[in-house]
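Working notes for the structure below.
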Amino acid sequence: MPRAGLCSCWGGRVLPLLLAYVCYLLLGATVFQLLEKQAEAQSRDQFQFEKLRFLENYTCLDQRALEQFVQVIMEAWVKGVNPKGNSTNPSNWDFGSSFFFAGTVVTTIGYGNLAPSTEAGQVFCVFYALVGIPLNVVFLNHLGAGLHGHLATLERWEEQPRRSQLLQILGLALFLTLGTLVILIFPPMVFSHVEGWSFGEGFYFAFITLSTIGFGDYVVGTDPSKHYISVYRSLAALWILLGLAWLALILPLGPLLLHRCSQLWLLSRGLSLKDRGAPKIDGLPRPQKIPISA
């Protein structure tokens, strides 16, 4: 049965991969936090010291002192320390932020606003990506293949009653609509509210993220003037993983849905889908069956 085959696929391949995937992200978040948090704290303290010295010397400031201060700011920024605010700013390497960073590494988004600054962190990041990126690809491929195999049973839909065909079309359309709302509409609304963005900016961030482009011009949880909940960036990382998985699921659904709608339209014009070898009727060709599995 289709449901039994789908359950077997989940239990035999996808579920173990999912567990390995989540465990790998947790491992990465833990190691990044241990390697980077202390170095970030030292950089933040040094930056605050330089700001105080700048204020004390403001009356006799020269060009060289200004250039040195700008250099300090740039070095702090490269290490993930935001020049705004003070030393009480939330850490970029707490567990939630580290989990978010691990997710951007294995999904190849790479916003560019944060990177390991210690040599040990950079070496670990290289090997972590070497294993995590293929794991991410394999997981998404198996997830998409599971649904693809399940949808292959719909190839025999012409043998079903007209009502069942219509219900299948409505079910696929409902799945696509709900998925779009949950993945591409509601999250940008939440990000826009929390970050103070417009909805267009929130949707732009969602698209750039889920397409794995990751420009880094918009990143959640980076404004030091806002007080985020501790799990905010972890939830954002989970949204990224769910969004990528959803995209892997719907890729075969779009063409399938269009094909089924065209078949129903032809049926409504009085054409039979079973007599494929018959000549054209009323100038319209007989629709051909398009397989959805290789």
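The values are calculated or read from the model by the stated rules, or taken from the named source; none is laboratory data. Since this is a predicted model, take the numbers as computed values, not measurements. Glycine also receives a Cβ, built like all others from the backbone with ideal geometry; neighbour counts cover every protein chain displayed. In case anyone asks, the SASA skips ligands and DNA or RNA and just uses the protein heavy atoms, side chains included. Shrake-Rupley method; radii C 1.70, N 1.55, O 1.52, S 1.80 Å.
Within region 50-65, the residues that satisfy the criterion of being of a type outside the set (D, E, K, R), surrounded by 12 or more Cβ atoms within 10 Å (Cβ to Cβ) and in a helix (DSSP H, G or I) are PHE54, ALA65. Select from region 246-258 the residues that are surrounded by fewer than 16 Cβ atoms within 10 Å (Cβ to Cβ) and outside any loop (DSSP other than H, G, I, E, B) and write down the one among them that is modelled with the lowest pLDDT. Here the answer is GLY254.
Among the residues of region 167-187, those that are small (Gly, Ala, Ser) and in contact (Cβ under 8 Å) with a residue 24 or more places away in the chain comprise ALA173, GLY179.
Here is a yes/no grid of residues against (1) open to solvent by 30 Å² or more (accessible area, probe 1.4 Å); (2) without any contact (Cβ under 8 Å) to a residue 40 or more places away in the chain; (3) polar (S, T, N, Q):
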| position | (1), (2), (3) |
| --- | --- |
| VAL78 | yes, yes, no |
| TRP93 | no, no, no |
| ALA102 | no, no, no |
| SER117 | yes, no, yes |
| ILE133 | yes, yes, no |
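Can you tell me how many residues in region 175-230 are open to solvent by 20 Å² or more (accessible area, probe 1.4 Å), within 16 Å of GLY243 (Cα to Cα) and not in a loop (DSSP other than H, G, I, E, B)? Count: 15. Within this structure, ASN141 passes the test of being in a helix (DSSP H, G or I), under 17 Å from the mean Cα position of the chain (by Cα), at negative phi and modelled with pLDDT under 90. Consider PHE49 carefully, then state whether it is of a type in the set (Phe, Trp, Tyr) and either more than 29 Å from the chain's Cα centre (by Cα) or more than 18 Å from VAL219 (Cβ to Cβ) (or both). Here the answer is yes, as PHE49 does meet what is asked.
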